[in-house]
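J.: Here it is, the structure, as structure tokens.
What follows is calculated from the coordinates using simple rules that are stated; it is not laboratory data. None of these values were measured; they are calculated from a predicted model. Note: ideal-geometry Cβ built from the backbone for every residue, glycine included; neighbour counts use all protein chains shown.
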Amino acid sequence: MEGSLGLRGVWLSYPRGRRHVVRVLVDVSLEVHPGEVVAVLAQRAQGKTSLLRVAAGMERPDRGSVSFAGDDIWRSHGVDRRRAFNRRRRGRPSSVPIVLVRPAAPEVDVPVGEGIALPLTAAHRGSVARELAERALEEVGAGECAQRRWGDLSDGERARVAIAQGISRDPKVLLVDDLMTTLGLGDTEEVTMLLHSLAAERGLGVLVSVGDARATRWSDRVATLAGGALMLEPPSRPQVPAYPNVVDFPGG
Amino acid sequence: MASTVQQSEMSAGEIVLGLLIEQPDTCYHLDKRIAERLGSAQFSRGAASRAVERLLERKLVRPADVEARPELRVVGGRKKTVYETTPSGVDHFERWLRASTQTPPVREELHAKIALWGSAELPRLIEIVREAELACTLQLGDANREMRAERQMSEASDWERTMQLIVSAGEATWWDARIKWLQSVRMYLEREHARRQAQAGPQRRRAPAR
């Protein structure tokens, strides 16, 4: 489908020592369509981050394909395949279709508004970049955080800032790694609702990894990941009618 | 306590069926085997004979023909009936093994299944736990959609929204616990399977040389 991210039959393993390998992903297939939120529920150390890194094209799977809008992102030849792919797709280097975010302290301790604007200056003039950053922060309801530093933010604000950083680059698919782990009940609800409405409004595909089923409540589809195996709701499940005894009368 | 016993009584029939599929046996020995394999299930003594009576009525088990199969004969003591499963009994057991995967799995029942599963068939047991996992994942998705539909319909006050949030978190946590338990069970079984294969591997390779 146009603008959807697809993983097909993806295998990934890491070497452990000389003789052993750890299987992280075993025959994982997954599609994220525009406008939907897919939540991957897994316990610690079950490959959530690896799955997102593979989806973002930061890690090359041992087997299987990762594609965006039908294009295999590893098949184009060149020195830096992923960058070539990104440039070809949108023309501007900073505007990449797939963006992975996680709430982590930035390397330079500057106000978060500037932190978001900085990478955007590769493609835009400074004033434009700052405006884009401000707009992104407004969109996630964290406009007042622009002048503050990472260390002064609450966990809920950090999650919003991370999302703002993602959408400031105008992606088609947003990958969100472990955003809700540190959040309480109310913040989890608000942040997941925010992702839900961002996906719907922008036609953005969102893949979010979570450690707790409470953070899946506002996702359109749920997947579970353990021992390398991914269980996923199919995209178009026959909906169970809420009132099975009520039938539609023709013309009624 | 009462509920535990009732729970156990419910699946005693299937447990007896499973044990009889493994090995035709007398009621006395069935009781012993239940205690060995499912000690934690707290079956009362005599549970096996009651279960066998019910299974006889439903024609799922029958007395084995000891004359034709002398290896089943119990040596010594007074004469005891040895029971075996009928083909429909085997069918029923197989159906039971699969049945609970579509509903939220009851832990006791899955415990019983794991206890009865022959080690040779570990891959199939893993598959069933996998099915249960997928069923739970799908049901969590359905529960999420229902929750959202309710939320979008209602014109709730602040306090009602708070209550909805708490109820929603409770429901999600319930699914969370089930899914994670199933995940851990499956991963354990998969490790166990890999370990047994590794053990069996060298022997199999050595076999042709002999």
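J.: What are the lysines whose alpha-carbon lies under 26 Å from the alpha-carbon of B:K79, with same-chain residues fewer than 8 places away excluded?
T.: B:K32, B:K59
J.: Take the alpha carbon gyration tensor of the range A:87-212, find the square roots of its eigenvalues, order them as a ≥ b ≥ c, and report rounded if a/c is under 1.5; if not, report prolate when a/b exceeds b/c, else oblate.
T.: Details: a/c = 1.81, a/b = 1.20, b/c = 1.50.
In terms of gyration-tensor shape, oblate.
J.: Among A:L232, A:L52, which comes first, second and so on when ranked by fewest other beta-carbon atoms within 10 Å? Numbers along the way, then the final one.
T.: On the way: A:L232 20, A:L52 23.
Neighbour counts put them in this order, fewest first: A:L232, A:L52.
J.: Restricting to DSSP loop positions (anything but H, G, I, E, B) with no more than 15 other Cβ atoms inside 10 Å of their own Cβ, which trypsin sites (Lys or Arg not before Pro) remain in the range A:9-40?
T.: Values: sites: A:R16, A:R18, A:R19, A:R23; in loops: A:R18, A:R19.
For trypsin sites (Lys or Arg not before Pro) across the range A:9-40 that sit outside H, G, I, E and B with at most 15 neighbouring Cβ atoms in 10 Å, the list reads A:R18, A:R19.
J.: Could you compute Rg(Cα) / (2.2 N^0.38 Å) for the range B:15-65, with N its residue count? Kindly include the intermediate steps, with their values, before the conclusion.
T.: On the way: Rg = 10.4 Å, N = 51, 2.2 N^0.38 = 9.8 Å.
Ratio of Rg to 2.2 N^0.38 Å for the range B:15-65: 1.06.
J.: Considering only the other residues whose Cβ falls under 10 Å of the Cβ of B:R45, what net charge follows from Lys and Arg at +1 and Asp and Glu at -1?
T.: On the way: positive: B:K32; negative: B:D31.
Charge balance near B:R45 sits at 0.
J.: So how compact is the range A:143-232: Cα radius of gyration and Dmax in angstrom?
T.: Taking only Cα atoms of the range A:143-232, I get Rg and Dmax of 13.5, 43 Å.
J.: Output needed for the range A:1-68: three equivalent-ellipsoid semi-axes, defined as square roots of 5 times the C-alpha gyration tensor eigenvalues, in descending order, whole Å. All intermediate terms of the calculation are to be shown ahead of the outcome.
T.: Values: eigenvalues 111, 37, 15 Å².
Calculated on Cα positions only, the semi-axes equal 24, 14, 9 Å.
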